[in-house]
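The values are calculated or read from the model by the stated rules, or taken from the named source; none is laboratory data. Note that the coordinates shown come from a computational prediction; the quantities given were computed from them, not determined experimentally. Note that each Cβ is placed from the backbone with ideal geometry, even for glycine, and that neighbours are counted across all protein chains shown.
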Amino acid sequence: MGGHVRVGLEDNIYLRRGVLASNAELVENAVGIIERMGASVATPAEARAILGVQKCE
């Protein structure tokens, strides 16, 4: 029930109709939507903790 979101070019190659997106643009767009909904985006450290993975060194 955490409302986890994932984005990437494998899901959608367009930012909007007729405008090809970069992965960074898709992430920025998702962050904007999430923040407008009143939620917050996890930091990389928080995401690793949620997923139970360790940082690669």
Looking for whichever is modelled with pLDDT under 90 and at positive phi here; the options are GLY38, GLY18, GLY3. Which one fits? GLY3
Pair list, Cβ under 6 Å, 6 or more apart: region 20-39 residue surrounded by 14 or more Cβ atoms within 10 Å (Cβ to Cβ), other residue of a type in the set (Val, Ile, Thr): LEU26/VAL7; VAL27/VAL7; ALA30/VAL5; ALA30/VAL7; VAL31/VAL41; ILE34/VAL41
For region 38-56, enumerate the residues that are within 16 Å of GLY3 (Cα to Cα), in a loop (DSSP other than H, G, I, E, B) and over 14 Å from the mean Cα position of the chain (by Cα). GLY38
